[in-house]
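To start, the structure itself, in structure tokens.
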Amino acid sequence: MISINDLVKARLYSSALDSAESDPLREEDALQEAQLLDSRVCQLTSTAALLFELRTSLQFEVGNAALLVVRGLHSFGWNSPAAQGPLAALTVVSSVPDRLNDSFRARFEFFPGAQLGVVGDLAEFYVLEVEGVGDVPPDYSSMDLKQVQDALPSWSSVCSLLQASSSR
């Protein structure tokens, strides 16, 4: 068991893990209907990490969370409307990975209207089983922010690694 945050720092990708059943590092829309929970960028280590909710995903039969880590970060671009609406999940409607010269690049479209683009030297993707979050995601419309956050995977969540892939 390891925390999600420690996984970002540890570089634990191993070919001994089962390959990701749907690979968002190579397959378009592999993360369709997953929800983006949080992102982190560390300029000191040139790393970006994206934490996803998988309980809503169309492509994954195992795991309740996923982590995409981009190392050797070149760019991280977020675009969303300035107007703040009610508390809502950011659901992936499109995910497009590709290669840009020798770099990994991914573009995401979310509902409600937001976009994310990330480019780096390499990427790692992990399917995780997070302890204590239940079988279904929270209902954002009937809870306050603290209740929603308590029912979701977070950076400090303890998890088991189920599957992995690398862009190398």
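Points worth noting:
- Separation of alpha-carbon centers, the stretch 109-148 and the stretch 19-75, rounded to whole Å: 9
- Potential lengthening between Met1 and Glu27 on full extension [0.36 nm per residue; Cα-Cα distance subtracted]: 6.6 nm
- Relative contact order for the chain, counting Cα pairs under 8 Å that sit 6 or more residues apart, in percent: 30
- Per DSSP, loop GluC sites (Glu not before Pro) in the stretch 27-77 with at most 11 further Cβ within 10 Å: Glu61
- Helical contribution to [θ] at 222 nm, DSSP H n ≥ 4, -39,500 (n - 2.57), averaged over the chain, rounded to 500: -2000 deg cm²/dmol
- Net +/- balance of residues flanking Gln149 in space, Cβ distance below 14 Å, scoring K and R +1, D and E -1: -4
- Val69 sits among other residues whose Cβ lies under 11 Å from its own Cβ, and their net charge, with Lys and Arg +1 and Asp and Glu -1, is +3.
- Among Asp144, Asp121, the ranking by other beta carbons within 10 Å of each residue's beta carbon, starting with the fewest, stands as Asp144, Asp121.
Where a number appears in this text, it was derived from the coordinates with a stated rule and is not lab data. Predicted, not measured: the structure shown is a model, and the values here were computed from it. Here Cβ is always computed from backbone atoms with ideal geometry, including for glycine, and neighbour counts include all displayed protein chains.
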